[in-house]
Amino acid sequence: MNSPLTLVPDSAHTPHTSIESSVAARARERPRSAHLSVAARRAFGGLLPLIDQPTMRDVLVQVRDGRGVLWVDQGRGVEEIEQWQAGPAVVAALARGLIAAGGRHLDELCPMADVRLGDGIRVHAVLPPVGCSGAAVSIRLPALRRVSWTEMVSSGFCDATAEHLLRSAVLRRQNVLITGATGSGKTTLLSALLGLVPGSERIITIEDVAELRIAHPHVVGLEARQANSEGAGEVGVDRLLREALRMRPDRIVLGECRGAETVTLLAAMNTGHDGGAGTLHASALAEVPARLEMLGRLAGLDAQTVARQVTAAIGLVVHVERVEGAHRLAALGSFVRESGNLSIVPFSRGRALRRAG
């Protein structure tokens, strides 16, 4: 595979947000590849220089029109590296090699798989016939260091009023739901806010794929496990959530609400487990009630029951977005019931101040 080292913009000449610049400055001595096994480094091959770029978020390789193409995201959206080329067989070999380095198998009978490599690198790969035009590899890279709440605020994430409200919500043990589109900064914000939790409290996190990086002395992270090639050994998020309830948690955190396990989290929040948090994929604050109703239906709940559970459990909704490569607070709100159904009311500045007081 051709080395992409010279085909990606030099980070010294690429504009970054203040958080990204701080990450780049502090992380040069700790490349991501340092945490990889020999097999994983060999599988990445010429992509290793990209993996080690501090501001790199995603590396995407796929077969298109009979040739391999490369896309990257350094925080400004996906950009194609037009000079990079590889044959279809090389892309398929990359897919098989990375999945094998994570201990799983990829072939025509099992054409989809994902693994976690090193210190949290996520690799998802597909082969034909699932990949219509050929093999495709999606590589999601973790941040090289934890971003603190102070750094987020200093970067312009929110104003002083919102900062006070969010900090108070954590310290007062409100249950918080963070929403936003893909890449908007939900996980980054959740990690930063959890860093404000007093050190005497025990945080249990449950994730499909471990991404949270929390600066806190007492965090227990649980990660789901997929079934092996024989269909055995699966440990789902819902089971992990039930196990977390037996682990003496002060706070339970669900990395992403995406299935019926959301109802289990709501039940926990409604039975004395305050101070919890989670994230939910939604493009706008107004979409959040419908998304939660859909997740409730997966667990067999009607819309009215979901509305009662959600309004009783969640005290604050935080919607985030990415603007010109930077994470920004877009809206704050709270859930209410209208005619028995779930609705959301955005905060005005004055109302936010009264709630934070």
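Nothing in this text is a laboratory measurement; each read-out follows from the coordinates by a stated rule. Nothing here was measured: the structure is a model prediction, and the numbers come from that model. Backbone-built Cβ (ideal geometry, glycine too); neighbour counts: all protein chains shown.
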## Note on the structure
A correct fewest-to-most ranking of 182, 205, 187 by other Cβ atoms within 10 Å would be 182, 187, 205
### Loop GluC sites (Glu not before Pro), the range 48-154, which have at most 10 other Cβ atoms in a 10 Å radius of their Cβ (DSSP)
82, 108
### Query
Placing +1 at every Lys and Arg Cβ and -1 at every Asp and Glu Cβ, with all other atoms neutral, what dipole size does the chain have around its Cα centre, in debye to the nearest 20?
940
## Note on the structure
When the charge dipole of the chain is computed with +1 at the Cβ of Lys and Arg and -1 at the Cβ of Asp and Glu, the Cα pointing farthest to the positive end, of 203, 95, 254, is that of 203
### Query
With charges set only on the Cβ (+1 for Lys and Arg, -1 for Asp and Glu), what does the dipole of the range 283-323 come to about its Cα centre, in debye to the nearest 20?
60
### Query
Taking a quarter of the surface of the convex hull around the Cα atoms of the chain, what do you get in nm²?
18.7
#### Entry: Ordering of 83-90, 249-256, 225-232, 206-213 by packing [mean C-beta count within 10 Å, highest first]
249-256, 206-213, 83-90, 225-232
### Summary
Listing 55, 262 by rising number of other beta-carbon atoms within 10 angstrom, fewest first, gives 55, 262
### Message
Distance between the C-alpha centers of the range 135-170 and the range 72-92? Whole Å please.
### Response
27
#### Entry: Relative contact order of the range 91-130, defined on C-alpha pairs under 8 angstrom at six or more residues apart (%)
37
### Query
Using only helices, what value at 222 nm comes out for the chain when you add -39,500 (n - 2.57) per DSSP H run of length 4 or more and divide by the total residues, to the nearest 500 deg cm²/dmol?
-8500 deg cm²/dmol
### Task
Find the relative contact order for the range 156-260 and round it to a whole percent, using C-alpha pairs within less than 8 Å whose residues are 6+ positions apart.
24
## Note on the structure
Here the percent of antiparallel bridges among DSSP beta bridges lying wholly in the chain, to the nearest 5, is 65
#### Entry: Which of 71, 149 has the fewest Cβ neighbours within 10 Å, and the rest in rising order
71, 149
### Task
Over the chain, calculate the relative contact order: mean separation of alpha carbon pairs under 8 Å at least 6 apart, over the residue count, as a percent.
14
### Query
Residue by residue, what Karplus-based ³J(HN,Hα) values in Hz, rounded to whole numbers, does the range 302-312 have, using 6.51, -1.76 and 1.60 with θ = phi - 60° and x for Gly and Pro?
7, 4, 5, 5, 4, 4, 5, 5, 5, 5, 6
